[in-house]
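Worksheet for the structure shown next.
The values are calculated or read from the model by the stated rules, or taken from the named source; none is laboratory data. The model shown is predicted, which means the values in this text are computed figures rather than measured ones. Positions of Cβ are generated from backbone atoms using ideal geometry, with glycine treated the same way; all protein chains shown enter the neighbour counts. Just the protein is used for accessible areas: all its heavy atoms, side chains included, with ligands, DNA and RNA removed. Shrake-Rupley method; radii C 1.70, N 1.55, O 1.52, S 1.80 Å.
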Amino acid sequence: MSPPAVYILRICGSDAPTKYSDGTYIESDAKHFSVPVKGFALGWSTPVPFFEQLDLMDKVKLANPQYMHSPCMHDAIKAGTIKSEVGADAFSSAAPAQTDVELVLSSSPYVNWQNVTKRSGGCYCDKDVFFDGPADDTPLGRAEWIKFIATFFNEEDRANLIFSREKAAYDATKALAASAAALYELTNSKKKCAWVNDYLGYKVDMHPYKNTYCIDAGMEPFSISLPSGTTSKTYATTAELATALADVDVIIDETYAGDPATDFPDKASVLSNLGITLKEGAVLLRLDRELYDTGSAKNWAWTEGGVMRPAHVLQGLVHAVWPNSVKEIPDSCVDYFRDMTAGETVKVVDHTHCAKWDNANAESQCITNIISDDDMSAIRDSPAAKPSFIVAILVALVVAFIGA
């Protein structure tokens, strides 16, 4: 998590306070922001979907699109409505001096492989606000960080509605998976699930949020005793990894590839890289189903949208494991899992895909959709259309929407 930080938010036009309401002085290193913030900068990809969901992309003044997937972000950059500085150094040099940038959403400081303290997306200036959504231990906890972002824009009610809706869709999908698993387990053992990669050795990753996805998709997560403070098990050889995974029913391969279509075109290439074989009936998935082609790189949807959209993630996983219980994700909506056992290929998009996203949102094609300013205004103005009322209706409707 981030180091302790104090952010003082004051109403636009008011003076910066020096004391708290109890009379104690505000910390000298506190960062002051006038809200709502009128302009911000994004130097890394993970926060982008949070701002898309809050319908705040018109307030992005500067971005580093080097690793971003969002077709609409790239479309805005190509249209010239968002200034682009490609690369962390160029971005961090430009953001402090750009006067229409009041806030820069940064990761918390970390020590990289060169033993240098860095911040993903940071400007290393007083505009930096630390965002730790990816570090949360649960899928829904990661998405709930939208409430933190919303406070800087006076959009708390919208964030609460967005999260409630995401949770309702997630819980409905989870219930469908539980029903499918219960029926399966009348005659079979419970399915097992493992997340693997080949980063600095052959690993099985047991991070709590990944285990939660396995559990909520109706499976038992891979489990082994680990030293305190660690979340993964590294195997010295592929043979050891193969033995460990011999009875696993669903394997999710996270191994990075700059060009997945070339590096991992089929199931055989994935199995060869990991040195494993699948048990009969097992499912092999990768997280590179949708990519954005910048011309020099293929940016994964997973590393960007997988934090904010847990209902989409769970829908894709449950459909892969229990295909008769949950509908397949529509083509215009983001799908993260590539089913290698089914022969799926990567889907490469470019900035023109933004129009498809807009249509999908307008037509409510996806399990959850962006709430526009017009829709939000109607919700705020209508006594009958309070968020709790809408979410109650959504719980009833979402099962019909995603159920197969």
Q) Residue check, Ala355 against (1) assigned to a loop (DSSP other than H, G, I, E, B); (2) at pLDDT below 95; (3) open to solvent by 10 Å² or more (accessible area, probe 1.4 Å), all met but one. Which one? A) (1)
Q. Looking at the range 139-162, is at least one residue closer than 30 Å to Ser92 by Cβ, in contact (Cβ under 8 Å) with a residue 60 or more places away in the chain, loosely packed, with under 15 Cβ neighbours inside 10 Å and under 18 Å from the mean Cα position of the chain (by Cα)?
A. no
Q: Could you please give the count of residues in the range 308-324 that are outside any helix (DSSP H, G or I) and surrounded by 21 or more Cβ atoms within 10 Å (Cβ to Cβ)?
A: 3
Q) So how many residues does the range 122-138 have that are open to solvent by 10 Å² or more (accessible area, probe 1.4 Å) and small (Gly, Ala, Ser)? A) 1
Q.
Please count how many residues of the range 1-32 are in contact with an Asp or Glu (Cβ under 7 Å, 6 or more places away or on another chain) and either surrounded by 13 or more Cβ atoms within 10 Å (Cβ to Cβ) or at pLDDT 95 or above (or both).
A. 2
Q) Only one of (1) at pLDDT 95 or above; (2) closer than 19 Å to Phe33 by Cα is not met by Ser107, so which one is it? A) (1)
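Okay, residues lined up against (1) buried (at least 17 other Cβ atoms within 10 Å of the Cβ); (2) of a type in the set (Ser, Thr, Tyr); (3) not in a helix (DSSP H, G or I):
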| residue | (1), (2), (3) |
| --- | --- |
| Cys193 | yes, no, yes |
| Tyr199 | no, yes, yes |
| Thr212 | yes, yes, no |
| Thr234 | no, yes, yes |
| Val248 | yes, no, yes |
| Ser269 | no, yes, no |
Q) Which ones in the range 283-306 are open to solvent by 10 Å² or more (accessible area, probe 1.4 Å) and part of a loop (DSSP other than H, G, I, E, B)? A) Arg289, Thr294, Gly295, Ser296, Ala297
